[in-house]
Structure formats: structure tokens, C-alpha cells
Amino acid sequence: MKFKAIASLAVTAIVMSACSSSPDSSGLEYMPDMYRSAAIEPYVDYGQVKERIDPELAGKLSAMVPAFGTIPYFGTDSNEVMVRMPYHLLPNVAFKQTHDLRGFDFSTEDTYLAAAADVVNPYILNEANAEAIFASGKKLFNSNCAQCHGEKGDGKGPMSTNGIFSGVPDYADKKELSNGQMFYSIYYGKGAMGAHASIINKKEIWTLVHYIRKFQDAEYGKFGAAVATSDSTVVNSAQK
């Protein structure tokens, strides 16, 4: 009986020691390695763990990158998937030096000229999604483009008016650009503008193309008596 009493007190003491009055405490953990795996964090310097230093791992990311040419999974909507597929026109090989492009296949041709043939924006604008597309486009434009191009797309952003960059165009004077040329310029870069491929995805760039068209044509994207289509032509709504 005495042994049972002592054992009971020991178990009670162990159980109570694992408790805590803090609502955020997980209590005392026994053998945590059995059920709690070590976290791998991509931005942690694993060159120094506690007192151990490994120069070969210093500054090296632990996260693996996807295989070249792959895209994230975006469901089974074929239109959504196609918008995000790799762009069919490759950048010119000179972009390695002029725009510091990395991780792309390259072409020896001037593929920007070929982009003129891409007149249809694959991210289709319609009456149901127009408001959401333009709202998203405005947010993307103000955070990624307005510093140079200006909030009105007139080329009078603070980086331009302060003289840091020159030659930023007024979009209203660039109506002749095809949708493909605008996508190409944003994706790979053009002139003094760097590539945005690593900053925003393809769907976001095509969204920007729609939004930029509003600077060129105030009626673009308005649905009613006239409908602005994704290739920036206007057709009568009875033709839909």
C-alpha cells in the first residue's frame, strides 16, 4: 500500500508539473522529437547553428526551387491555366546584360517585334469581371508602375519629374502598341525599365494591360451601348 501511495504521488506530481496557468503554454513536453519535426526556414542562415559554424551553408537558402518551366497549380479552369503558362516569346539574348534576366531561355531574334502580332489579351474582359479587373489593375499599377509612369499614366511619376529617369512615355500617345507588346515590355523590360517577371505574375501583367488601356481610351471596358473588347476594339453590344 505504501508503494502504491508513493507511486500515485509521483504520477500526480509529474502530471501537475506539465500543467501551466498560462493559456499560451503547451505544457511540459516529453520526447518532443517524436512528434515535433525540426522546422526548415528558407531565410535562416544555417551556416551557424548554436555554436557550430559551417561556412559552406552560410547564406544558402534551404528552400528548393521548382523545376525550370513549371507553373504553380491553379486548378482545372483551362482559361486560368493558359493565362499563367510560360510566355511563348523568348527574350532576346542581349537581355542577359541589358536587363539582368536570369532563369530564361533566350532567342537570337528581336522577339519584341513578333509581340506586335499578339493583339488579344488572353485574360478576357467581360461585363461580369470588368470592375474587379480594373480595381485590381489600379492597385497593381499604383504599387509597381506609378512611381515612373504617374497615377494617370502620363509619364509624370515622381521618379520622372525628379529627373531620376527620363523618356517615360504618356500612355495616351502609345495607342498603337499591341497587347502583346505591352505584356512583353512589362514582363521582360523595355529601355530603362527593368523586367517585372520576378515581381508580378502573368495574370497580373495582363490585368495591368487592361488597366493601361483605360488611360488610352476612357470608354474601354464600359459595357452598354458599346463594348470594349480584350483586343481594344469596340463592337456594338448587339453583336455579343
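The values are calculated or read from the model by the stated rules, or taken from the named source; none is laboratory data. If you're wondering where the values come from, they're calculated on a predicted model, not measured in any experiment. A quick note on method: Cβ atoms are made from the backbone with ideal geometry, for glycine too, and the neighbour counts reach across all protein chains shown.
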Counting only residues that are within 19 Å of LEU177 (Cα to Cα), touching a strand residue (DSSP E or B) at 6+ places or on another chain (Cβ under 8 Å) and without any contact (Cβ under 8 Å) to a residue 40 or more places away in the chain, the range 93-140 contains a total of 1
Here the qualifying pairs (Cβ atoms under 6 Å; residues six or more apart or on different chains; first in the range 65-83 and outside any loop (DSSP other than H, G, I, E, B) and at pLDDT 80 or above; second hydroxyl-bearing (Ser, Thr, Tyr) and loosely packed, with under 10 Cβ neighbours inside 10 Å) come out as none
Going through (1) surrounded by 10 or more Cβ atoms within 10 Å (Cβ to Cβ); (2) at positive phi; (3) at pLDDT below 80 one by one, SER8 fails only at (2)
Requiring at least 1 residues that are under 28 Å from VAL81 (Cβ atoms) and either touching a helix residue (DSSP H, G or I) at 6+ places or on another chain (Cβ under 8 Å) or among the basic types (Lys, Arg) (or both), the helices (runs of 4 or more DSSP H) wholly within the range 92-207 are 95-98, 111-114, 130-144, 179-188
Original post:
Quick check: anything in the range 45-54 surrounded by 14 or more Cβ atoms within 10 Å (Cβ to Cβ), at pLDDT 85 or above and not hydrophobic (A, V, I, L, M, F, W, C)?
Top reply: no
